[in-house]
Protein chains: 2
Amino acid sequence: MRAHELPEIRRLPLFRDMRHASFETLMQGAYAQTFPAGLELIRQGDPADFLHIVMEGAVELYSLWSDRECTMAVVQPVGSFILAACIRDAPYLMSARTLERSRLVLLPSSDVRAVFRTDPEFAVSVIGELAGCYRAVVRHAKGLKLRTSRERIASYLLRQSRLAGEVASYILPVEKRLLASYLGMTPENLSRALKTLEADGVKIDGTRVIITDRARLTALARPDQLIDGPDPDGSTAGVSLPPANVAGLRRGA
Amino acid sequence: MRAHELPEIRRLPLFRDMRHASFETLMQGAYAQTFPAGLELIRQGDPADFLHIVMEGAVELYSLWSDRECTMAVVQPVGSFILAACIRDAPYLMSARTLERSRLVLLPSSDVRAVFRTDPEFAVSVIGELAGCYRAVVRHAKGLKLRTSRERIASYLLRQSRLAGEVASYILPVEKRLLASYLGMTPENLSRALKTLEADGVKIDGTRVIITDRARLTALARPDQLIDGPDPDGSTAGVSLPPANVAGLRRGA
DNA sequence: AGCCCGCCTTGACCTGCATCAAGTTGCGTC
DNA sequence: GACGCAACTTGATGCAGGTCAAGGCGGGCT
């Protein structure tokens, strides 16, 4: 564990308000490690031994079933994942892999469970975090059930623009294949849909998104706070695709 | 509030372990009411003023977007709903309506939030409940993204059979239109798919389901604990369609 | 620099599922 | 028992999106 990492973890909403002693206890059992890109960190179905925290890099949460695979979320620094499985001492519902070289901190699940029973402040933070995660997944499910592919794409593009500060142009934060999987469609379909969306106010040039007619794109996407967020308090709770970079710098790769 | 209702609420996992005084406090602000069938209890987007508990009847949670609608879950006695919105003091993400004449207990959200801050045992229960809800929605999303319509139907039919005790025949606990919406398809498509599933080991006669070839149906559905549940500890956390009745008695209607 | 591999695109095709439009059944009501 | 409504079924049709197959582009490595 590096010196600067402890304060960074401490600043997370999940750990911000807990007692000092509790934090110490948790961090005693912690260990940090750097993993190469493309490594499977967690296999779905395995027992939830550790709460994972992403310090650097990016981690994809995905699910497998019967030779099919789909992306559920991407976790970026500094964020935690699979809190729910740790708490219930239940098998992971999702697998996780690094998208790039990543540094993680791992906390034994048993420690996490022990600490929130003795530190009410930490318990309250866990409640907030879980409630946020729950609402994020509900939003995702709503999008899948209520919107068509094109609408999901348009909403995503607008949401990323909003997260970057209502910019008219930005760089996609993830590979298109991953985006397609997250949005519940094939890469081919995403590619074609992006092309046809040029008639609806957005131009895609490689990884760059240029919103040419925001009103038109908005009319198609019909963004809704109850699907696209954010929650009034603004916390995203880490279960979604990462925010876009404003400048031309490409994340990862 | 009726005399027998307090103990029933107290028996819920969410309230079972809290301090007596906390329970008293919560129940002082509670009020119970009976609603007719088909009444909108909650409109998505409204502020989360009350935690709802279903004492009798059944409540559908559904979502609306742009003249489309989909069922997210059905809550049956004795279960609570929209805990996450209450905790975050955020707008409801889903609407709720009674499916039949139902009796509900309503607890002011502010009381819930206040109590879990002062009663660590209650906080722990809330954590467990939220983690369960989160995992239930993740499962639902996985099913939507990884399985085809036919596979979702087959899985659902097998799951209901399991919940009823591996019976070969049972009555559908909900209307088919609602089931279709829950499974993410149109009623027409459900109707047709059920017909074609007769070649795969299950016969549907009205509301009765008869599994004629469990092996064959299982081969199609490829049930998976990480999608269909249950979690090892068995708690369903109330976010799913209700279990089937074993006997010939029809729920609701 | 050149090569190679993986991501992305494009095309052709086709399946699954939605949509629209009638029926039909079942059930509660009068 | 007849009526009427709502749920369900069935049919015809169309389109969204999946699948399969073949390039093209770009970035990283030797």
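The values are calculated or read from the model by the stated rules, or taken from the named source; none is laboratory data. A quick note: this is a predicted structure, and the numbers were derived from the prediction, not measured. Neighbour counts run over all protein chains shown; Cβ positions are idealised from the backbone, glycine included. Quick note on the areas: whole protein, heavy atoms, side chains included, nothing else; ligands and nucleic acids left out. Shrake-Rupley method; radii C 1.70, N 1.55, O 1.52, S 1.80 Å.
A few remarks follow.
- Number of positions in the stretch B:11-31 that are within 18 Å of B:GLN76 (Cβ to Cβ) and surrounded by 15 or more Cβ atoms within 10 Å (Cβ to Cβ): 4
- For B:ASP119: the one exception among (1) at the interface with another protein chain (Cβ under 9 Å from one of its Cβ atoms); (2) of a type in the set (Asp, Glu); (3) within 15 Å of DNA strand D (Cβ to nearest atom): (3)
- Given (1) open to solvent by less than 10 Å² (accessible area, probe 1.4 Å); (2) within 9 Å of chain B (Cβ to nearest Cβ), number of the condition A:THR98 does not satisfy: (2)
- Counting only helices (runs of 4 or more DSSP H) that fall entirely inside the stretch A:1-115 and contain at least 1 residues that are under 30 Å from B:THR148 (Cβ atoms) and of a type outside the set (Lys, Arg), the qualifying elements are A:83-88.
- Scanning the stretch B:176-226 for residues that are away from DNA strand D (no atom under 11 Å from the Cβ) and out of contact with any helix residue (DSSP H, G or I) (no Cβ under 9 Å at 6 or more places or on another chain), we see that the one that is nearest to the other protein chains (Cβ to nearest Cβ) is B:GLN225.
- Only one of the numbered conditions (1) within 14 Å of another protein chain (Cβ to nearest Cβ); (2) open to solvent by less than 30 Å² (accessible area, probe 1.4 Å); (3) closer than 27 Å to B:TYR182 by Cα is violated by A:VAL124, and that is (3).
- The residue pairs whose first member lies in the stretch B:12-25 and is among the aliphatic types (A, V, I, L, M), whose second member is assigned to a loop (DSSP other than H, G, I, E, B), and whose beta carbons are closer than 6 Å, counting only pairs six or more residues apart or on different chains, are B:LEU12/B:VAL78; B:MET18/B:ASP119.
- If the condition is being under 19 Å from A:ALA219 (Cα atoms) and more than 12 Å from DNA strand C (Cβ to nearest atom), then the stretch A:184-205 contributes A:ALA199, A:ASP200, A:GLY201, A:VAL202.
- Among residues of the stretch A:141-159, those that are open to solvent by less than 30 Å² (accessible area, probe 1.4 Å) and either without any contact (Cβ under 8 Å) to a residue 24 or more places away in the chain or more than 13 Å from DNA strand D (Cβ to nearest atom) (or both), counted: 5
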